[in-house]
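Working notes for the structure below.
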Amino acid sequence: METIKEYQKDDLTIIWQPKKCIHSAVCVKTLPKVYDPKGSPWVKPENASLEVLKSQIDACPSKALSYRES
């Protein structure tokens, strides 16, 4: 069974599918205060605005990061 992690900020749910990740580190380089591979949890969406989060997620080359809005 594939692991899928979800992180919430307001009406935005960030979805991370680790098996898709190619470790390009675009997320970490773009938003180091949000994505900290050594942190727990490693995604801290409270450290960026919704617009910035969506823009960065849209730039994920592997699409391991995605989002849905409710």
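Bear in mind these aren't lab numbers, they're just calculated from the coordinates by the rules spelled out. Source: prediction; values computed, not measured. With ideal geometry, Cβ positions are generated from the backbone for all residues, glycine too; neighbour counts draw on all protein chains shown.
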Hand me the tally of lysine pairs in the chain: alpha carbons under 13 angstrom apart, and the pair either on different chains or 8 or more positions apart. 9
Cα pair distances of the chain binned at 10 Å [whole percent]: 21, 62, 17, 0
Could you order peptides 14-23, 33-42 by the average number of other Cβ atoms within 10 Å of their residues, highest first? 14-23, 33-42
